[in-house]
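None of the figures in this text is laboratory data; all of them are computed from the coordinates on show. Keep in mind the model is a prediction, meaning the values are calculated, not measured. Glycine gets a Cβ as well: all are built from the backbone with ideal geometry, and neighbour counts include every protein chain shown.
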Amino acid sequence: MGLGRMSVAVFVIPIVFSFVYGGSVLSLAMNNSDGTPVFTASPSSKSIAIIDLSGEYAVSDAVSARISVSDQAFSCGDLYVTIYEISGSERKAVTQGAFFDQCYEQSGTLPIGETFSERIGTAGQYQIEVQLFDKSGDKFVTASERFTVR
């Protein structure tokens, strides 16, 4: 009986304390000094939109899109574009593009000087999701659209 209690004291209690301590450290690391989360989405969902995306593509066609941004707080930042397959029961990432240090002046469309274009070889339902982080990386806006590949 004494050996069982000793095992609990030596092995189980430190594991429990490490989870509690790790959780508190992670919570502090993810918050600013004023208690707000480090990563926050912009409350205005109309500040970013996916343009030039068709509702339907053939398997042989490339899916291409541009992003329109109207919020000056996001005039420079990093753009991430991900296409998910949503035909099954879970959402599965198919492809992703990253465009760093995107700064637009008058046009408000991204990516600048590049094109997001990916060929999807399997028919099904898909969702394109874009995220634009501000220059500091603390805030982001997001938009998504669905399309079909036949």
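Worth a mention:
- The HN-Hα couplings worked out from phi for segment 78-90 by the Karplus form 6.51 cos²θ - 1.76 cosθ + 1.60 (θ = phi - 60°) are 9, 10, 10, 10, 10, 10, 10, 8, 10, 5, x, 7, 10 Hz, whole numbers, x standing for Gly and Pro.
- Using θ = phi - 60° and Karplus 6.51 cos²θ - 1.76 cosθ + 1.60, couplings along segment 110-117 (whole Hz; Gly, Pro as x): 10, x, 7, x, 9, 10, 8, 8
- Most tightly packed first, judged by the mean number of other beta-carbon atoms within 10 Å of their residues, the peptides 53-63, 10-20 read 53-63, 10-20.
- Linear extension gain, Cys103 paired with Leu26, 0.36 nm per residue minus alpha-carbon span: 24.5 nm
- Amide H contacts for Ser87 (H built 1.01 Å from N in the peptide plane; partners 5 or more residues away or on another chain; cut-off under 5 Å): Gln125.
- Averaged over residues, the count of other Cβ atoms within 10 Å places the peptides 117-130, 69-82 in the sequence 69-82, 117-130, highest first.
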